[in-house]
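As structure tokens, the structure follows; a few thoughts come after it.
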Amino acid sequence: MKTKVALVKGGYTGEAEVSFKSAAFVYSQIDKNKYDVYPITITLDSWFYEDDQGAKHEIDRQDFSLELAGEKVKFDVAFIIIHGVPGEDGRLQGYFDMIGLPYTSCTALTSALTMNKGYTKAIVQDIPELNVANSVLLFKEHRAVSVDMVTEKLSLPLFVKPNAGGSSIGMSKVSEWSELKQALDNAYDAENTGFQVLVEEFVTGREFSQGIYRDAKGELQVLPATEVRTTREFFDYEAKYTPGLTEEITPADLNTEQKERADRLIREIYIRLNCKGMVRIDFFIEKNTDKFYFIEINTVPGQTPQSFIPQQVRASGRTESAFYGELIEAAILDVRH
């Protein structure tokens, strides 16, 4: 019997558009000789499977099952490919935990925690050799006094971003104090951010993104890093999703010591945050000091053909098909142990 995989896509935010592209690529790469894959769309209005004829079949949310041709389909594992709410913030993971369905991503607690950039930094900041930029975490109650709170504690230039958003939506770089209020308003008003804003001092250096996952044997596998070079001031939403604005070098040009240090820190971050499945960690290597600065962690990274993780999988000598198979098997085995 083939393993039945629910490939869960969509979501409740603007990131659903990226999720559909990621899911289409993952679907094309999963080995259909080993797995029966059912793409399941989750929206605010409906959870459904669309068959080859375009007919939509509603998911039974009591047990996340499906009725097709008079037969009940129950899944062995959920492959979560929803970026943002509810697939990356712990909500879907908590639901799957309650019905006993294994899934490929981090746990509900880790997913919820890592969606909050400020809380994540608080946990990783005491890792040896790891640095975090000076920052101020603002809540909605601080909105009226947010400019004063930032100017008292931080120095220009600054990054202003929603504390719980994704895809760099609502992010600004502030080089003059006169720009700060507008940047804070943009971050507070961005979609699905929880009305929290993180303001960080700008780190000047090279920017990298690096994947890591736990394989079916339980071993941590660190993928080659990607260096991100953008013609824009920073790696914002436009730079991420507009062709030609960003150059991505995989594997990154790091010397032996830098590579070993990055791999070591990526592993420690994964362990410290109690991660599962694949995650992607973004970091700077600061100009002049060569220090490693943690930026953020992404627990449901993009999976389009051009996304960082598929690039890194290919650079490591693996195929995407084998990689996705490992994630599925690791998810199932984790529950059985």
The aspartates and glutamates whose Cα lies under 18 Å from the Cα of LYS259, excluding any fewer than 8 residues away in the same chain, are GLU129, GLU207, GLU227, GLU248, GLU268, ASP282, GLU286, ASP290
May I ask you to evaluate 6.51 cos²θ - 1.76 cosθ + 1.60, the Karplus curve with θ = phi - 60°, for each residue of segment 121-128 and list the ³J(HN,Hα) values in order in whole Hz, giving x for glycine and proline?
4, 4, 7, 8, 5, 9, 5, x
If one compares the long axis through the Cα atoms of helix 256-272 with the longest principal axis of the Cα atoms of the chain, the angle in degrees, nearest 10, works out at 60
Sites excluded, GluC sites (Glu not before Pro) in DSSP loops with at most 15 other C-beta within 10 Å, longest stretch of the chain
1-128
Looking only at lysines whose Cα falls under 25 Å of LYS72's and that sit 8 or more positions away or on another chain, we get LYS2, LYS4, LYS9, LYS32, LYS34, LYS56
Okay, helix-only estimate at 222 nm for the chain: each DSSP H run of n ≥ 4 adds -39500 (n - 2.57), divide by all residues, round to 500 deg cm²/dmol; what do you get?
-9000 deg cm²/dmol
For segment 18-138, what is the accessible area per residue in Å² when the probe is 1.4 Å?
45
Suppose every Lys and Arg Cβ carries +1 and every Asp and Glu Cβ carries -1, with no other charges. What dipole size does the chain come out with about its Cα centre, to the nearest 20 debye?
540
If each residue of separation counts as 0.36 nm, what is the full-extension length gain between ASP52 and LEU333 once their alpha-carbon separation is subtracted?
98.1 nm
So the carbon and sulfur contribution to the accessible area of the chain, 1.4 Å probe, in percent, is 48
Using Cα atoms only, what is the angle between the long axis of helix 320-336 and the major principal axis of the chain, expressed in degrees (0 to 90) to the nearest 10?
80
Roughly speaking, what is the stretch gain from ALA315 to THR204, that is 0.36 nm per residue apart minus the C-alpha to C-alpha distance, in nm to one decimal?
37.3 nm
Please compute the contact order of the chain in relative form: average sequence separation of alpha-carbon pairs under 8 Å and at least six residues apart, divided by the residue count, as a percent.
19
Using a Gaussian network model on the chain with a 10 Å cutoff between Cα atoms, which of LYS181, LYS287, LYS276 fluctuates the most?
LYS287
Near LYS173, which lysines are there with a Cα under 24 Å away, not counting those fewer than 8 places off in the same chain?
LYS117, LYS121, LYS140, LYS153, LYS161, LYS181, LYS240, LYS287, LYS291
Cα gyration tensor shape for segment 1-45, rounded if a/c is under 1.5, else prolate or oblate
oblate
Helix 16-29 sits off the longest principal axis of the Cα atoms of the chain, rounded to the nearest 10 on a 0 to 90 degree scale, by 50
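The values are calculated or read from the model by the stated rules, or taken from the named source; none is laboratory data. The structure displayed is predicted, hence computed values, not measured ones. Here the Cβ is made from the backbone with ideal geometry for all residues, glycine too, and neighbour counts use every protein chain on show. Side chains included, ligands, DNA and RNA excluded: accessible areas come from the protein's heavy atoms. Shrake-Rupley method; radii C 1.70, N 1.55, O 1.52, S 1.80 Å.
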